[in-house]
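Below is one structure, written out as structure tokens, with a few remarks after it.
Please treat every number below as a calculation from the coordinates, not as lab data. Just so we're clear, the structure is a prediction, and the values are computed from it rather than from any experiment. Positions of Cβ are backbone-derived with ideal geometry, glycine not excepted, and every protein chain shown enters the neighbour counts.
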Amino acid sequence: MLQKGNRVAYSLILLGCILFSIFTLPFVDAQTRYPKTISVLKMAYEGEIRAFHTYMAYAQKANSEDYPNIANLFVALASSEWIHARNFRILLAELGVEVSETQVPQIKVSSTKKNLKKATKVELSEIDTKYPQFIDQIESEHFEAAIRNITYAWLSEKQHRDLIEKIRSGTGMLFGLLAKKIEDSPAHYFVCQNCGSTLTELPEDACPICKGLVSQYKKLATRY
């Protein structure tokens with residue numbers, strides 16, 4: 001028969017085991033049930049963080065070359081990518097996965113003309129390849145929040161492509177003339193703080209991607 005002191009110690013150990021199970025088993029179970037989803041969310045998070053830093057670096061370069069309106073475009077894209085990364089990190093936390101702080105990647109910054117061409121290529125790759133593959137990989141695990149947020153990011157990238165497409169044709173011999181036209185016609189950018197939707201005009205009723213309130217859009221400064 002346990003002595004009083006031993007019974008107390010045993011009770012504390014038992015309580016500790018129960019509490020450990022309560023707080024850790026859901027996470028362990030989630031990581032067992034959603035391994036593909038977790039892997040994809042990690043890759044998506046790292047990719048969005050890298051995109052954020054890349055676009056901010058491109059914005060600085062555009063500003064230094066006296067293209068403030070093109071800089072504003074890059075800042076809008078960066079803001080959208082940051083929201084995607086935030087959403088992915090929240091989902092990973094819900095699944096019990098700790099995301100370490102991502103170091104700022106080394107970014108190759110060229111002229112604004114070349115940066116626009118590079119941005120176009122990257123966005124098209126994400127739209128046509130990366131995000132469709134992500135969705136295919138995680139659909140079988142049925143973690144709806146992840147499917148939803150990755151779809152939001154995919155649709156936002158399509159908006160990014162459309163915004164860049166407006167100046168894509170000018171990355172050749174006529175870039176100087178097109179850039180001047182862009183600078184003479186300042187654009188305002190609005191980014192949905194829920195899903196990252198990026199528009200030049202506020203929608204009339206709701207966000208076209210997440211269907212959230214128009215009030216969730218944030219207007220970015222007209223000068224970087």
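Values computed for the structure shown
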{"item": "Residue-wise HN-Hα coupling along segment 80-86, computed from phi with Karplus coefficients 6.51, -1.76, 1.60 (Hz; x: Gly, Pro)", "result": "5, 5, 5, 5, 4, 4, 4"}
{"item": "Trypsin sites (Lys or Arg not before Pro) restricted to DSSP loop in segment 57-118 with at most 15 other C-beta within 10 Å", "result": "108"}
{"item": "From phi via Karplus (6.51, -1.76, 1.60), per-residue ³J(HN,Hα) for segment 195-210 in Hz, x at Gly/Pro", "result": "10, x, 3, 10, 9, 9, 9, 5, x, 6, 10, 7, 4, x, 9, 9"}
{"item": "Shape call, segment 64-108: gyration tensor on alpha carbons, a/c limit 1.5", "result": "oblate"}
{"item": "Amide H within-cut-off set for residue 217, under 5 Å, with H built and near neighbours excluded", "result": "193"}
{"item": "Cross-link table 114/219; 108/218; 117/219; 118/158; 158/211; 42/108, entries beyond 20 Å C-alpha to C-alpha", "result": "114/219; 108/218; 117/219; 42/108"}
{"item": "Residues 191, 99, 214 arranged by fewest to most Cβ contacts within 10 Å", "result": "214, 99, 191"}
{"item": "Förster-model FRET efficiency, 35 Å R0, residue 60 and residue 213, C-beta, rounded to 0.05", "result": "0.60"}
